[in-house]
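Here's the structure, in structure tokens; my notes come after.
The values are calculated or read from the model by the stated rules, or taken from the named source; none is laboratory data. Model, not experiment: these values are computed from the prediction. FYI the Cβ positions are ideal-geometry reconstructions off the backbone, even for glycines, and counts take in every protein chain you see.
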Amino acid sequence: MKTIMRMFLALLLCFVLSQANGQKFENLAERPPMGWNSWNKFGCEINEKIIKEVADAMTSNGMKAAGYEYIVIDDCWQIGRDSLGNILADPDRFPSGISSLVDYVHANGLKFGIYSDAGTATCQGRPGSRGYEFQDARTYAKWNVDYLKYDWCFHGKQNAEASYTLMRDAIYKAGRPMVLSICEWGTNKPWEWGKNVGHLWRTTEDIINCFDCKNNWGGLGVLQIIDLHTEIGEYSGPGHWNDPDMLEIGNGVLTPAEERLHLSMWAMFSAPLMAGNDIRNMSAETLKLLTNKEVLEIDQDKLGISATRWMKYGDLEIWFKPLSDNNYAFCFINRSNQPITINHDLKTTIKKFKVDGNYKVRDVWKHKDVGTTKENVVGVLPAHDVIMLKLTQIFL
Ligand code: GLA
């Protein structure tokens, strides 16, 4: 009898624990999320006027129509907690409160993202969510937030997987579907455990505004980030994406070629695309680049496969990405400061991937059909530039 009683109690405990645990809200990020984040351009200098104007700009300038959807306020919106522990927005910068800002963004037909940190403080020393996970998740849910970027500063000895799982469970318990963006910089290999925890995970330290450089706190340029994606593509897919960080396009440092290469490679990785510039005041060229439909389609392809680096000939690299409907994308990138002459037989390359047949070849930056796989890809690739090709099967 005692044994039966014990078994019953053990089963009851399992049931109670399983009810207490949460799960991830599914079907929120079947394609890589697209939007805008305040950090790269504004840092802590944010306020509700900027966020509203950004939402207006995204709605009216064609970005929304191109698929950009989330407006994410990053660090520094929060200033403290009230006596009950509720998180408080900075009243000087957000006098109308976050809830009304969320309403404003929603009224534009867009979604709203917020930022917090799994540790005791955010990277800029604002209150973190450690110990307040369920309370903060309830607050975000009450405000109708759609997306949480969750950082990793001041985490002490916390276990990353457990900390992010706790916030996942808190969001689930709060009952409002929110995308959970894990931002622990790839330190604890989130690609190995993040799939059931969040919808995207940062793979690297922060992007910095340069093409080929590093800084002394770990910030990485575009090339340095690309190099960290040669081995982890297989972990990314619909609902759970590798996140190589926000875009630096339109922030005044990268050349047009470097910006093309940046966007092309993020699209090859099926990366979340968070514009990081001042979209209220950008040039026509920047807008055109950010809304290049053919490139965005490669990013948003429903298979969600991340590219493989197929060949590296010194400073010339060729990346390959299978797309839906038996189509393929190729990127030729020139890492060097010198032009590189290309004469490449794509037919032989695709055969090595057990892909047969004849394909139409389209240059998605030039918006031009440039031939078929019967001919070689021939040309001169300028310094730091990219050729991005889409191959579509020709049925005879
Ligand atoms: C970390 C993150 C950045 C940004 C800052 C804000 O560095 O990785 O993306 O959110 O914190 O302080």
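Out of Asn343, Asn337, report the one residue that is in contact (Cβ under 8 Å) with a residue 24 or more places away in the chain and in a strand (DSSP E or B).
Among Asn343, Asn337, only Asn343 is in contact (Cβ under 8 Å) with a residue 24 or more places away in the chain and in a strand (DSSP E or B).
Of all residues in region 167-185, count the ones that are surrounded by 20 or more Cβ atoms within 10 Å (Cβ to Cβ) and more than 16 Å from the ligand (Cβ to nearest atom).
Residues in region 167-185 being surrounded by 20 or more Cβ atoms within 10 Å (Cβ to Cβ) and more than 16 Å from the ligand (Cβ to nearest atom): 5 in total.
Would you point out which residue out of Gly125, Gly113 is part of a loop (DSSP other than H, G, I, E, B) and not β-branched (Val, Ile, Thr)?
Gly125
Among (1) away from the ligand (no atom under 16 Å from the Cβ); (2) surrounded by 17 or more Cβ atoms within 10 Å (Cβ to Cβ); (3) of a type in the set (Ser, Thr, Tyr), which single condition is Tyr115 missing?
That leaves (1) as the condition not met.
Return the pairs, sorted by first residue and then second, in which the second residue is of a type in the set (Asp, Glu) and assigned to a loop (DSSP other than H, G, I, E, B), the first residue lies in region 121-133 and is over 15 Å from Lys157 (Cα atoms) and within 14 Å of the ligand (Cβ to nearest atom), the beta carbons are less than 7 Å apart, and the residues are 6+ apart or on different chains.
Thr122/Asp75; Cys123/Asp75; Gln124/Asp75; Arg126/Asp75
Does region 283-293 include one or more residues that are over 24 Å from Trp241 (Cβ atoms), aliphatic (A, V, I, L, M) and in the same structural domain as Thr255 (by TED's automatic domain parsing)?
Yes - at least one qualifying residue is present in region 283-293.
Out of region 251-309, which residues are under 19 Å from Lys64 (Cβ atoms), touching a Pro at 6+ places or on another chain (Cβ under 7 Å) and of a type in the set (A, V, I, L, M)?
Correct list: Leu273 only.
Filter region 299-314 for residues that are surrounded by 16 or more Cβ atoms within 10 Å (Cβ to Cβ) and in a loop (DSSP other than H, G, I, E, B) and give the result.
Gln300, Asp301, Gly304, Ile305, Ser306, Ala307
Residue check: is Asp369 free of Cβ contacts under 8 Å to residues at least 60 places away in the same chain, surrounded by fewer than 18 Cβ atoms within 10 Å (Cβ to Cβ) and not in a strand (DSSP E or B)?
Taking the combined requirement at face value, the residue does not satisfy it.
Within region 230-265, track down each residue that is charged (D, E, K, R), more than 16 Å from the ligand (Cβ to nearest atom) and within 27 Å of Lys41 (Cα to Cα).
Glu258, Glu259, Arg260
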